[in-house]
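Peer 1: Quick one: this structure, given as structure tokens, is what I'll be asking you about.
Read-outs: derived from the displayed coordinates by stated rules, not from any lab. The structure displayed is predicted, hence computed values, not measured ones. A quick note on method: Cβ atoms are made from the backbone with ideal geometry, for glycine too, and the neighbour counts reach across all protein chains shown.
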Amino acid sequence: MCCSVAGIISLVWSQKKQAVSDNYILTDAHSPCVSLNFLPITRETGCFLKPALTDRILPWIDLTGFATMRSGAIVLSVLTINLNYIVSGNKWAYTGEIGPENWGREYPHCDGTSQSPINIDTSAVTLLSTLGQLVFTNYDIVTDVNLRLENNGHSVQVDLSNEDLSISHGGLDGVYKAAQFHFHWGSADQRGSEHDINGELFPMEMHIVHYAERFGNASTAMSEDKGLAVLGFLFEVGEHNTHFDEIIQHFDEIRNQDDSTNITSFQLKSLMPDNLEVFYRYSGSLTTPPCYESVVWTIFKETLKVSEDQLNAFRTKIHHELLGGKVPVSDDYRPLQKLNERIVYTNAFSGIYSAGTLVQSSSYILIICALAAFIA
Ligand SMILES: [Zn+2]
């Protein structure tokens, strides 16, 4: 009786231990933080960059307690040789001494065992058909309310808090309301996404962040168990995608960090792939500090397409500040985290594949079982 209903509906695949390298590929071009060549910027050394009193960028170097560094000549050489800075109000960046490998110093949750993003090995995911399908509410409406588009210094973000968008079902515990969506992208096509599929990197990833309605708001929910539900969409290079025009055409208005502008409301559904039926599900974290492990992640199998020109708009028009200068935001993605003991689920059989083909022996077993059941 290998072909029990339960066996067919919920086939549990053997879990492979994720072999994610601890050695991350960090980029130097357009990165938000290039580490000092010889001087670590840590609080321990007493030498670190801070936002100026204006609460804008213009960083200054605090040399208190670092007597040997009080020479103006040395300070000048530090400033000349290095391009270190931090984003206003933040103590983290994507490279350097305050980069992802050291986020745990200031944000202990970042050293947790259920962190995001991860590589999704589709030959090792667990089919859980009972997850079913997500239900999207009001994702197809257009309101009179303008949306707020913002350059927050590490991404482009659209505020949805005034909209009444929500998701439910699909294995979620209750209703989750949409709060915002934003993007992570690379300085080249070969990188940029946070999640990988079978080790494949994508040039961009969009996250639509939702909070559990029972917590009332996103800031409360973000530190609660299953407080957030984030939908992740991976991008590939393709034809020009007109659905993103309303966002990209306003990039000139948000060139600088903390710039924001109003954009016309549109159907959020229009930004999503046509096929939302196949997704991956796992428990993870925020991919930026404070890295709370509060996120129910949903990564869709179907990718979105945008043109090279559209990707270049992200790469070249969105800036943050560096020692008074402007630097394009790119490579704003966190390196892969270890899966550890977690299980990645898929809601549909077609979520299990490898290089486009079903290669798992378990697949053949399932097919044989189905045939046997048919014959019987
Ligand atoms: Zn994100």
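Peer 1: Enumerate the calculated ³J(HN,Hα) couplings along segment 196-206 in order (Karplus 6.51 cos²θ - 1.76 cosθ + 1.60, θ = phi - 60°), each rounded to whole Hz, writing x wherever the residue is Gly or Pro.
Peer 2: So the Karplus estimates, Gly and Pro as x, are 10, 10, 6, x, 8, 8, 10, x, 7, 9, 10 Hz.
Peer 1: Another question, then. Name the long-range amide H neighbours of Ile352: under 5 Å, sequence gap of 5 or more, or other chain; modelled H, no Pro or chain starts.
Peer 2: none
Peer 1: May I ask you to derive the FRET efficiency for Asp252 and Ser219 from their Cβ-Cβ distance with R0 = 30 Å, giving the value to the nearest 0.05?
Peer 2: 0.45
Peer 1: Once the piece of chain linking His243 and Glu101 is laid out straight, how much longer is it, given 0.36 nm per residue of separation minus the C-alpha distance between them?
Peer 2: Extra length available between His243 and Glu101 comes to 47.6 nm.
Peer 1: Rg to Rh for segment 245-322: what is it, with Cα atoms only and Rh by Kirkwood?
Peer 2: Taking Rg over the Kirkwood Rh, I get 1.02.
Peer 1: Give the order of Asp196, Asp245 when sorted by the count of other beta carbons within 10 angstrom, beginning with the fewest.
Peer 2: Lowest to highest Cβ neighbour count: Asp245, Asp196.
Peer 1: Along segment 105-111, what does the Karplus equation 6.51 cos²θ - 1.76 cosθ + 1.60 (θ = phi - 60°) give for ³J(HN,Hα), rounded to whole Hz, x for Gly and Pro?
Peer 2: Here the 3J(HN,Hα) series is 4, 8, 10, x, 4, 5, 9 Hz.
Peer 1: If you don't mind, another one. Would you please give the residues with an amide H less than 5 Å from that of Lys305, counting only those at least 5 places away or on a separate chain, with H modeled from the backbone geometry?
Peer 2: Amide H to amide H, under 5 Å and 5 or more residues apart or across chains, Lys305 pairs with Glu236.
Peer 1: Taking amide H positions as placed in the peptide plane 1.01 Å from N, state which residues far from Ile197 in sequence (5 or more) or on other chains have amide H under 5 Å from it.
Peer 2: Ile120
Peer 1: So, in nm, how far is label Thr137 from label Asp274 when the simple model puts each one 7 Å beyond its Cα toward the Cβ?
Peer 2: Rounded to a tenth, the inter-label distance reads 2.8 nm.
Peer 1: Any chance you could check the Cα centroid distance between segment 124-197 and segment 220-264 for me, in angstrom?
Peer 2: Computed from Cα coordinates, the inter-centre distance equals 9 Å.
Peer 1: Above 19 angstrom, tally the Cα pairs of segment 112-267 and express them as a % of all pairs, no decimals.
Peer 2: Summing the P(r) of segment 112-267 above 19 Å gives 62 percent of all pairs.
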